[in-house]
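A.B. asks: Mind having a look at this structure? Questions to follow.
The values are calculated or read from the model by the stated rules, or taken from the named source; none is laboratory data. Remember, it's a predicted structure, so these values are computed and weren't measured experimentally. Here the Cβ positions follow ideal geometry from the backbone for every residue, glycine too, while neighbour counts run over all protein chains shown. Only protein heavy atoms, including side chains, enter the accessible area calculation; ligands, DNA and RNA are left aside. Shrake-Rupley method; radii C 1.70, N 1.55, O 1.52, S 1.80 Å.
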Amino acid sequence: MIQRRVLLTILLLTMAYTAMAQKEKHFNYGLKASFGSVRYDVEHLSIEGNLVSDYTTECNVSTTFSAFGRLNMQRHYLQLDAALNKHSSTVLFPTVEWMAGARSGDVSSITTQLTLVEMPFCYGYYLKNEGYYRLSFFTGPKVGLILPEWSSHSFTNFTQIDITETIFPIYYNWMGGFRISIKQFYFDLSAEIGLNNVSRGFTTQHLLGERHTGDFV
């Protein structure tokens, strides 16, 4: 139940294996396993007309598995990935912010677990490309598709039922980072910024049967 697509994704570690050392091949391919952290940026959250301003975000470790192909052109290269990504994040806020009569210590939470198919495309430049050790930086766009049947949202300490979020399935990110390669192994450190919202708000049903809408941007 996000509304703004991840504003920061940090790939803490990426390990990749290629068929042969990059210096010897014009084209490389391989597999990657990545671990990272995703933070959701919430610009506006209101429930039943009550603006929620006091909220925090908890991030969980995300995992990504991908295959890639890289075209090498001396000190330059182009790389295309096909990735499967799973990540989750939780937004917490005091229940008294939106529900009258709630106890001061009550906390409501919205947890989002998403499964995504992503296609990053990047341009890279080698700062060092000699021997077994190579260092490069890279940047480029990423297009992602959210798989709703493999994604879920959970809501804690709400009085509403049948909470449904409207998700825009396609999102766009811009990424950049550094890559260190030692022989046939690659280690990436990168960051991403979201370019569009993926959540368009949510609709709920109150226990009394009334319909309400919420806005989570």
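A.B. asks: For a Förster distance of 45 Å, can you work out the FRET efficiency between the beta-carbons of E130 and T164, rounded to the nearest 0.05?
C.D. replies: The formula returns an efficiency of 0.20 here.
A.B. asks: Also, I was wondering about something else. Counting heavy atoms of the protein chains only and a 1.4 Å probe, report the per residue accessible area for the stretch 84-198 as a whole number of Å².
C.D. replies: 49
A.B. asks: For D106 and L189 in one chain, what is 0.36 nm times their gap in residues minus the Cα-Cα distance, to one decimal in nm? Mind showing how you got there, number by number?
C.D. replies: On the way: separation 83, 0.36 × 83 = 29.88 nm, distance 3.84 nm.
In short, 26.0 nm is gained.
A.B. asks: A follow-up question, please. Label-point separation (nm) for F121 and E149, each offset 7 Å from Cα along Cα-to-Cβ?
C.D. replies: In this crude label model, F121 to E149 measures out at 2.8 nm.
A.B. asks: Next question, about the same structure. Would you mind getting me the FRET efficiency between Q113 and H76? Use the beta-carbon distance for r and R0 = 35 Å, nearest 0.05.
C.D. replies: That gives a FRET efficiency of 0.40.
A.B. asks: Using a 7 Å offset from the Cα along the Cα-to-Cβ direction at both F35 and F178, what is the distance between the two label points in nm, to one decimal?
C.D. replies: A separation of 2.0 nm, rounded to one decimal place.
A.B. asks: For a quick check: with amide H placed at 1.01 Å from N, whose amide H comes under 5 Å from N197's, ignoring anything fewer than 5 positions away on the same chain?
C.D. replies: The list, which skips near neighbours in sequence, is R5.
A.B. asks: What list of ³J(HN,Hα) couplings, whole Hz, do you get for the stretch 97-104 from phi and the Karplus terms 6.51, -1.76, 1.60, once you set θ to phi - 60° and write x for glycine and proline?
C.D. replies: Result, ordered by residue: 5, 10, 10, 5, x, 6, 6, 4 Hz.
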